[in-house]
Every structure is written in structure tokens, then in C-alpha cells.
Amino acid sequence: MNYLIMNHIGFDNMERKMDKMMDSLLGYLPLFYMEIFNPKELRDELPRNYMVIINSKYYENQPISVMADKLSISRSHMTSHIDQLVKDGLLKKVPDNKDRRIIRIVTTPKGRAVRDKYLEIFEKHIEEKLDLLSPEELEELYKSIDTIQNVVTKFLSAKI
């Protein structure tokens, strides 16, 4: 831990804050994830990993390895997930124009329809959840998400 931070805040106080942060990260973030990203209407549609892959339009036409890395799914698991989604007609594999060893993943029209349905249900679900918050709580949530995004970006750029 950074010595200057420990001196400034006080080691005991910092240790208590770290303990509380760890308890919150381990206890509440999974609950937050489940409440926000697991609407009841979608639980029987597709396994969660499949939904994550189909909704990854940001990685459309990317190699399997890039998708696996960005989604933190092992390459072997990603390959088996992709194979099942191809079998189900939701994705297709397309050879790279320049390097035949590279396989790119493209969403099929059926896959886009599933993604659109998921996003519609998901958006309604999020709106219902956020309606429970006051304007002040909503603003605080936006700021917290922005902070988490900045921290994650810093973590990813550090590559420790």
C-alpha cells in the first residue's frame, strides 16, 4: 500500500476502509449485477455467457481471441460457446480476408433479432429498477459508475 496514503489517512483508518471496500465489492457487486443484468424474462432464453457474446456488438467481426480477451472468457470456452451459437444459427464464422488462420465472428439476422429482443427487455428492466431511485440517488449512481469506469480503465491500462 502507498506509504503516503497510509500516513495521510492513518493506517488503522485506511485498513478499516479497505476491509469495508472489500466486503462491499465481494458482497454487493454480485448482487447489483444479478439485480440489474439478470431479468427474470431472460433467464430461460440463453445461458448468460451466450447472452454476453450475442450482445457484444462492439466486437462484431472480431477474431474469437479478441472477443475472449475483451469478455474475460477463456479462449477454449469462447470457442465452444461460439460453436454452439453458430449451431443455433445466431452467429456465423467468417474467414479473415488477409489471414485464413483468423476466424471472425458475425451475428446472423436471427442473432440480431435475439439481441434486439434482449435489449428491449433489458432496457425495460433497467428503467423499472432506476425508477425506484430518487433523482439524487440516480445522480450518485451515475457518478459512481463513472468512477468505476475510470478505475477499470486505469486497471486495464496498467496491465499488471
Computed over the range 54-99, the convex hull of the Cα set has an average projected area, in nm², of 3.3
Extension length gain for LYS87 and SER72 (0.36 nm per residue less Cα distance), in nm, is 3.1 nm
Whole-percent carbon and sulfur share, accessible surface of the chain, 1.4 Å: 57
How large is the accessible surface per residue of the range 23-129, computed with a 1.4 Å probe and reported in Å² as a whole number? 67
The range 67-160: relative contact order in percent, alpha carbon pairs under 8 Å with at least 6 residues between: 13
re the chain: pairs of Cα atoms spaced beyond 27 Å account for a percent value of 43
Which length gain, in nm to one decimal place, applies between SER144 and GLU120 when the Cα-Cα distance is subtracted from 0.36 nm times their residue separation? 6.2 nm
Cleavage-rule hits, trypsin sites (Lys or Arg not before Pro), the range 18-116, DSSP coil, Cβ neighbours within 10 Å at most 14: ARG43, LYS98, ARG100, ARG101
Magnitude of the Cβ-charge dipole of the chain, K/R +1 and D/E -1, about the Cα centre, nearest 20 debye? 1220
Residue with peak Gaussian network fluctuation, the chain [Cα springs, cutoff 10 Å], from GLU35, GLU136, GLU127: GLU136
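The values are calculated or read from the model by the stated rules, or taken from the named source; none is laboratory data. Bear in mind that the values here come from a model prediction, so they are computed numbers and not experimental data. All Cβ positions, glycine included, derive from the backbone under ideal geometry; neighbour counts span all protein chains shown. Note: accessible area is taken over every heavy atom of the protein model, side chains too, but ligands, DNA and RNA are not part of it. Shrake-Rupley method; radii C 1.70, N 1.55, O 1.52, S 1.80 Å.
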